[in-house]
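Novice: Structure in structure tokens, see below.
Nothing in this text is a laboratory measurement; each read-out follows from the coordinates by a stated rule. Computed from a prediction, not measured in an experiment: that's the story for all the values here. Cβ: placed from backbone, ideal geometry, glycine included. Neighbour counts: every protein chain shown.
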Amino acid sequence: MGEMEQMKKEAEALKTQIEAARKAVHDTDMASAASGVAPAPRVQLKTRRNLKGHLAKIYAMHWSTDNRLMVSASQDGKLLIWDSHSGNKVNAVPLKSSWVMTCAYAPSGNLVASGGLDNMCTVYNLKTPVIKTVKELDAHTGYLSCARFLSDTEVLTASGDTTCALWDLETGKQKTVFLNHVGDCMCLSLSPDMNSFVSGACDSLAKLWDIRDGQCKQTFLGHTSDINAISFYPGGNAIITGSDDCTCKMYDLRADQELITYQDAALNSGVTSLALSMSGRLIFAGYDDFNCNIWDSLKGEKVGVLSGHDNRVSCTGVPPDGMCVCTGSWDSFLKIWN
Amino acid sequence: MSNNSAGGLVSLQKSVKQLRFEAGIRRIKVSQAAAELKAFCLQNAHKDPLLMGVPSSDNPFRPPKSCALF
């Protein structure tokens, strides 16, 4: 019993020490640092494409690296591959389980993945004459909330079983399991240099992980509810998170703390998804209240809104060339804006 | 979290180990971090189509010539 008490005291002391170390470098805040920056222009984007095809709620979308194709996942039990320029559907992948929560496009464009309440990540080859399932990654003991390809041979997953995992697509086995969250993992984002990733979970924490050694490097506190969305800032030194507490936050990795909170007294819906413009200046955040709000990431001000969906915005994505933003919704439509 | 089982102790040991690791990292000043983020943003602003706007001639999503059905 004595040892438990000692450990608890040490844990508390370490938490206090971390808090103090963060305060010690907190010589200013982002709003002050950005006070001299000209405000971002009022952003008014128009719907350029209204993609109709899904028959039920859309839960996820992901752009291909070719800036043109994208994959979307709906609980109608399908993945749809779209040519965003023409608005045409290029492929439809029927899913074994319709309870899909995530989808991903491999950087090569050869593969897509999906997963959800089946606890599995299923990988499909788009380039065979008929689309084939190449692997079912089956080891998580909870739902699959997010998947991302590192390459055609490695996939990262986040799960409701509180773990994230790195999988070898050739063997179908987990190479590394990332253990530290105490709540369902809801989202992940790969660093630009692919050496690390960040995860957000229902324990209201965001964590930075080393992909190769599995070590949790840093933990970011501040949110007061589930973190549903997370993204690396271009450049790789900061992350943006979106939460059920109705706020988004920017955390800097090297200062190891929150720099700014994006919030508005009038906003009392949770954040479901987020995406950043190419320079990082604009944050597109999807909310439960059917809107996607646009934030100036440096000044913390709302600079625009994308209205048009008739239900919750569940997913957002900006392609690598930054030419547009896509929003997907429970209203079964995807919209492309610029 | 306050149980006396061996599982509780192991879990606590892991937490302490993780906290020790995180306490030991090097942190830079917020002023430096914020300045570098600001610089990155501003340097890349001119290349950011959503920030600068996209001229119709260069916009692959420009309104189609035919009628669009919603």
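Novice: Would you mind getting me the FRET efficiency between A:Q17 and B:A35? Use the beta-carbon distance for r and R0 = 22 Å, nearest 0.05.
Specialist: Values: r = 26 Å, r/R0 = 1.20.
Approximately 0.25, to the nearest 0.05.
Novice: Continuing with the same structure: Mean shadow of the stretch A:56-337, computed from the convex hull of its alpha carbons, in nm²?
Specialist: Over all viewing directions, the stretch A:56-337 projects a mean Cα-hull area of 12.9 nm².
Novice: Taking R0 as 45 Å, what FRET efficiency do you get between A:T133 and B:R20 from their Cβ-Cβ distance, rounded to the nearest 0.05?
Specialist: 0.55
Novice: On full extension of the chain, what length is gained from A:L55 through A:E3, given 0.36 nm per residue of separation minus the C-alpha to C-alpha distance?
Specialist: Gain on stretching A:L55 to A:E3: 13.0 nm.
Novice: Cα-Cα over 29 Å: which of A:K9/A:K173; A:K173/A:K249; A:K96/A:K302; A:K217/B:K38? Walk me through the numbers on the way to the answer.
Specialist: Numbers: A:K9/A:K173 39 Å; A:K173/A:K249 34 Å; A:K96/A:K302 41 Å; A:K217/B:K38 25 Å.
The answer is A:K9/A:K173; A:K173/A:K249; A:K96/A:K302.
Novice: Taking 7 Å along the Cα-to-C-beta vector as the label spot, tell me the A:D29-B:L9 distance in nanometres, rounded to one decimal.
Specialist: 4.5
Novice: Positive end of the dipole of the stretch A:56-337, charges at C-beta (+1 Lys, Arg; -1 Asp, Glu), about the Cα centre: which of A:A158, A:S279, A:T122 has its Cα farthest in that direction?
Specialist: Ranked along the dipole, the leading option is A:T122.
Novice: Right, next: Could you give the nm distance between label points at B:S57 and A:K46, where each point is 7 Å from its Cα heading toward the beta carbon?
Specialist: Calculated label separation equals 1.8 nm.
Novice: A follow-up question, please. How many nm separate the modelled label positions at A:S225 and A:T153, each set 7 Å beyond the Cα in the direction of the Cβ?
Specialist: Taking the simple label geometry, A:S225 and A:T153 are separated by 4.4 nm.
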